[in-house]
Amino acid sequence: MPEKTAATAVSAETEAGATAPDDAPAAVTAKPEKARSLWSDAWGDLRRNPLFLISAGLILVLLAISAFPGLFTSASPRDADLANHYLQHPNWGHFFAPDWFGYDGQGRSIYARVIYGARASIMVGVGVTALVTIIGTIIGMAAGYFGGLTDSLLSRVTDIFMGIPFLLGALVVLTGFENRSIWVVILALVFLGWTVIARVARGAVINIKQADYVVAAKALGASTSRILLRHVLPNALAPIIVVATIALGGYIAAEATLSFLGVGLAEPTVSWGVDVSSGREQLRNAPHVLIIPSVMVSITVLAFLMFGDAVRNALDPKLR
Amino acid sequence: MGRYVARRLLQMIPVFIGSTFLIFAMMYALPGDPVRALMGDQAFDPAVLEAKRHELGLDLPLWQQYVNYFTGLLQGDFGTEIGSGRPISEIIAHAFPVSVRLTLFAFTFTVIVGIGLGIVAGLRPESVRDRGLLGLTLVLISMPSFVLGYLMQYLFAFQLGLTTPTVQDSESFGDLFLPAIVLGSLSLAYVARLTRTSIAENLRADYMRTAVAKGLPRRRIVGVHLMRNSLVPVVTFLGTDIGNLMAGAIVTEGIFNVQGVGDAIYEALFRREGATVVGIASLIVLVYLLASLLVDLLYAVLDPRIRYA
């Protein structure tokens, strides 16, 4: 019974925060900073950052659109009616109607295509970032922690992959595939993109390796896997997450660029890059066919960039 | 210094071989057969196909093909295109100067405008112009170059009629102005942000207070003390960015119809002319590696505390 009251007092204290320090028991006030880990500190920062709130809101909307595109438009992105020619200009007043943004060269609703195109971009962005983070972290951690020959070998391999410009490498890989599904595009970008995370992870792990708590864990006889997973990884995670969130926007831009060049996604997949590519034929007479999907790409990339920026500011204590 | 350069050049060799081999392997491991494409739609004798393949050395194992290719490359022989029979060195000699010009143009634009904007914003952190610049760079970064390229083309060529929509003469500087701005805009945004952060950070440094206390003129404090200390991260970025600029030219050159390496590589990719792609890509990798060496040497100039034995 007394234990329980102590526990409730502590939880009440953490909930009330610093607002009522006088009423709290002395044992708790002695170490008030204990409840504020790097992550809760960062979260407290983020909640008050308008840039973060705006970008997080945008990202939530984009996620909702890509999960349930049918909720946002009644038109189908593949219904082509040549009576609705691209020269029929957008009806800016018809909010959320199929002709809101006008029609493309084949008489398909641009609004519907923009809505259904979100899924490809979001899937590529999130998929590539997730895989790149996992692979890059494993390689970077192995190189940084084990050092010696492992490090030299892995670092040279990283150098070799880094020597190839990203866009050029992706072009070469992707032209080989006849049927380029979303997964092919994701894997091609992962194949070339893991190096950035690997370098960051290696640098972070090399710093952490010398920390007292790692030496202590080693002295206590902890196994290598335990040291890596329980001590090194959690402390190396912050810089990795920062680089990954900022890179996410870049992967979305890369997918759109590759689809635009004709080596990324292709019809019948609905993708903003493909739509921009087909819109360029009518740039002079009907610029909206090209500009609307372009603007969607930019807004999406912008949302993820602002999100990444906010996360970096919150997680990197040096910038405060 | 000389020994350091020699060591770095030696270290570059395995990376160069590895990167070119990787591109070579990707190119040849992929489906698509230039020899089969030579035959067109006509009926053909498989023996002829086999003979042609043998003649070109395409029936050898991958590593042997690569060794043959690389020995040729070391002797300055880039090979010939299978489809057109044109020597690849001729294609490169035609396209490379155009792209180098475009890249240098974009690079100069990036350096001057990017660093300039970064200084303007960084000297007054958190001011209106600082926030305005951060917003502007964020917008630039979020615009993939094809978006910016078409917006510029629409605005300047179709709406204002200031330029022709595509480049007429790839050799003329005036024609390359618009493509160079589009190509350089992404790097420009990064450079401006890096400069801004670095300057804003160094403004509070002790040596700055000392310089002010000594009564030095502001021009000298900012131009010499602050700049020299703030430019190290910017130079690092610029060095690694040259390779990306050359690769980014694939998109820009496509939009504005510039006859450079991006254009040549794009065309060769679709004709499955592996040797052309690998040849041009190797040159870009080489430029990238040399630029990163140059950056490391520049560190010592900017920061005398860094010494290379």
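The values are calculated or read from the model by the stated rules, or taken from the named source; none is laboratory data. Quick caveat, the model's predicted, so the values are computed rather than measured. Glycine also receives a Cβ, built like all others from the backbone with ideal geometry; neighbour counts cover every protein chain displayed.
For the range A:161-174, indicate whether the set of residues that are within 13 Å of chain B (Cβ to nearest Cβ), surrounded by fewer than 20 Cβ atoms within 10 Å (Cβ to Cβ) and farther than 23 Å from B:L293 by Cβ is non-empty.
No, the range A:161-174 contains no residue that is within 13 Å of chain B (Cβ to nearest Cβ), surrounded by fewer than 20 Cβ atoms within 10 Å (Cβ to Cβ) and farther than 23 Å from B:L293 by Cβ.
Looking at the range A:281-295, which of its residues are buried (at least 22 other Cβ atoms within 10 Å of the Cβ) and closer than 17 Å to A:A118 by Cβ?
Scanning the range A:281-295 gives A:I292, A:P293, A:S294.
Can you name every residue in the range B:145-164 that is within 9 Å of chain A (Cβ to nearest Cβ), touching a residue at least 40 places away in the same chain (Cβ under 8 Å) and not aromatic (F, W, Y)?
The answer is B:S145, B:Q153.
Being within 12 Å of another protein chain (Cβ to nearest Cβ) and either surrounded by fewer than 24 Cβ atoms within 10 Å (Cβ to Cβ) or among the aliphatic types (A, V, I, L, M) (or both) is the filter here; which residues of the range B:272-286 pass it? Give the steps one after another, and end with the answer.
Let us first name the residues in the range B:272-286 that are within 12 Å of another protein chain (Cβ to nearest Cβ), namely B:272-274, B:276-278, B:280-286.
Across the range B:272-286, the qualifying residues are B:R272, B:V277, B:V278, B:I280, B:A281, B:S282, B:L283, B:I284, B:V285, B:L286.
Could you please find all residues in the range A:293-307 being within 11 Å of chain B (Cβ to nearest Cβ) and in contact (Cβ under 8 Å) with a residue 40 or more places away in the chain? Show your work before the answer.
Taking the range A:293-307 and keeping what is within 11 Å of chain B (Cβ to nearest Cβ), we get A:293-306.
Answer for the range A:293-307, where residues must be within 11 Å of chain B (Cβ to nearest Cβ) and in contact (Cβ under 8 Å) with a residue 40 or more places away in the chain: A:P293, A:M296, A:V297, A:I299, A:T300, A:V301, A:L302, A:A303, A:F304, A:L305, A:M306.
Within the range A:234-242, is even one residue under 15 Å from A:G127 (Cα atoms) and in the same structural domain as A:S152 (by TED's automatic domain parsing)?
Going residue by residue through the range A:234-242, those that are under 15 Å from A:G127 (Cα atoms) are A:241.
Okay, now just the ones that are also in the same structural domain as A:S152 (by TED's automatic domain parsing), so A:241.
Among the residues of the range A:234-242, at least one is under 15 Å from A:G127 (Cα atoms) and in the same structural domain as A:S152 (by TED's automatic domain parsing), which makes the answer yes.
When the range A:175-193 is examined, which residues are found to be charged (D, E, K, R) and either in contact (Cβ under 8 Å) with a residue 12 or more places away in the chain or more than 9 Å from chain B (Cβ to nearest Cβ) (or both)? Full working, then the answer.
First, the residues of the range A:175-193 that are charged (D, E, K, R): A:178, A:180.
If the condition is that a residue be charged (D, E, K, R) and either in contact (Cβ under 8 Å) with a residue 12 or more places away in the chain or more than 9 Å from chain B (Cβ to nearest Cβ) (or both), then A:R180 is the only one that fits.
Does A:A211 satisfy the condition of being aliphatic (A, V, I, L, M), without any contact (Cβ under 8 Å) to a residue 40 or more places away in the chain, assigned by TED's automatic domain parsing to the domain that holds A:G262 and buried (at least 19 other Cβ atoms within 10 Å of the Cβ)? Outline the logic, then answer.
Values: aliphatic (A, V, I, L, M): yes; without any contact (Cβ under 8 Å) to a residue 40 or more places away in the chain: yes; assigned by TED's automatic domain parsing to the domain that holds A:G262: yes; buried (at least 19 other Cβ atoms within 10 Å of the Cβ): no.
When the stated conditions are applied, A:A211 does not pass them.
Considering only the range A:63-97, state which residues are in contact with a His (Cβ under 9 Å, 6 or more places away or on another chain) and crowded, with 16+ Cβ neighbours inside 10 Å. Before the answer, list the steps.
We begin by selecting, within the range A:63-97, every residue in contact with a His (Cβ under 9 Å, 6 or more places away or on another chain); these are A:86, A:89-90.
Listed by number, the residues that qualify are A:Y86, A:P90.
Exactly one condition in (1) surrounded by fewer than 16 Cβ atoms within 10 Å (Cβ to Cβ); (2) within 13 Å of another protein chain (Cβ to nearest Cβ); (3) in contact (Cβ under 8 Å) with a residue 60 or more places away in the chain is false for B:I255; which is it?
(1) is the only condition that B:I255 fails.
Within the range A:145-156, is there a residue that is under 23 Å from B:F24 (Cβ atoms), without any contact (Cβ under 8 Å) to a residue 24 or more places away in the chain and either surrounded by 22 or more Cβ atoms within 10 Å (Cβ to Cβ) or out of contact with any Phe, Trp or Tyr (no Cβ under 8 Å at 6 or more places or on another chain) (or both)?
Within the range A:145-156, the first condition is being under 23 Å from B:F24 (Cβ atoms), and the residues that meet it are A:153-156.
From what is left, the residues that are without any contact (Cβ under 8 Å) to a residue 24 or more places away in the chain are A:153, A:156.
Restricting the remaining residues to those that are either surrounded by 22 or more Cβ atoms within 10 Å (Cβ to Cβ) or out of contact with any Phe, Trp or Tyr (no Cβ under 8 Å at 6 or more places or on another chain) (or both) gives A:153, A:156.
Yes; the residues of the range A:145-156 include at least one that is under 23 Å from B:F24 (Cβ atoms), without any contact (Cβ under 8 Å) to a residue 24 or more places away in the chain and either surrounded by 22 or more Cβ atoms within 10 Å (Cβ to Cβ) or out of contact with any Phe, Trp or Tyr (no Cβ under 8 Å at 6 or more places or on another chain) (or both).
Take the residues in the range B:26-70 that are at pLDDT 75 or above and of a type in the set (S, T, N, Q); name whichever of them is surrounded by the most Cβ atoms within 10 Å (Cβ to Cβ).
Per the stated criteria, the residue is B:Q65.
Can you find a residue that is without any contact (Cβ under 8 Å) to a residue 60 or more places away in the chain, charged (D, E, K, R) and assigned to a helix (DSSP H, G or I) anywhere in the range B:69-86?
So far as the range B:69-86 goes, no, none of its residues is without any contact (Cβ under 8 Å) to a residue 60 or more places away in the chain, charged (D, E, K, R) and assigned to a helix (DSSP H, G or I).
Only one residue in B:L289, B:L238, B:L269, B:L293 is more than 12 Å from chain A (Cβ to nearest Cβ) and either touching a Pro at 6+ places or on another chain (Cβ under 7 Å) or closer than 25 Å to A:G250 by Cα (or both). Which one?
Numbers: B:L289 fails: more than 12 Å from chain A (Cβ to nearest Cβ); B:L269 fails: more than 12 Å from chain A (Cβ to nearest Cβ); B:L293 fails: either touching a Pro at 6+ places or on another chain (Cβ under 7 Å) or closer than 25 Å to A:G250 by Cα (or both).
Of the residues listed, the single one that is more than 12 Å from chain A (Cβ to nearest Cβ) and either touching a Pro at 6+ places or on another chain (Cβ under 7 Å) or closer than 25 Å to A:G250 by Cα (or both) is B:L238.
Consider only pairs whose beta carbons are under 8 Å apart and that are at least six residues apart or on different chains; among these, list those whose first residue lies in the range B:198-224 and is touching a residue at least 40 places away in the same chain (Cβ under 8 Å) and whose second residue is surrounded by fewer than 16 Cβ atoms within 10 Å (Cβ to Cβ) and assigned to a loop (DSSP other than H, G, I, E, B).
Close Cβ pairs satisfying both conditions: B:A200/B:P125; B:L203/B:P125.
Of everything in the range A:119-143 that's at pLDDT below 90 and of a type in the set (G, A, S), which residue is surrounded by the most Cβ atoms within 10 Å (Cβ to Cβ)?
The extreme case among them is A:S121.
For A:I246, all conditions in the list (1) in a helix (DSSP H, G or I); (2) touching a His at 6+ places or on another chain (Cβ under 8 Å) hold save one; what is the number of the exception?
(2)
Working carefully through the options A:R199, A:R230, A:R226, find the one that is within 14 Å of another protein chain (Cβ to nearest Cβ) and either more than 25 Å from B:T240 (Cα to Cα) or assigned to a helix (DSSP H, G or I) (or both).
Answer to the selection: A:R199.
Filter the range A:259-292 down to the residues that are of a type in the set (D, E, K, R) and facing chain B (nearest Cβ under 8 Å), then identify the one that is farthest from A:Y111 (Cα to Cα). Working first, answer last.
Just the residues of the range A:259-292 that are of a type in the set (D, E, K, R), to begin with: A:267, A:275, A:280-281, A:284.
Next cut, facing chain B (nearest Cβ under 8 Å) only: A:280, A:284.
Working: A:R280: 17, A:R284: 20 Å.
Per the stated criteria, the residue is A:R284.
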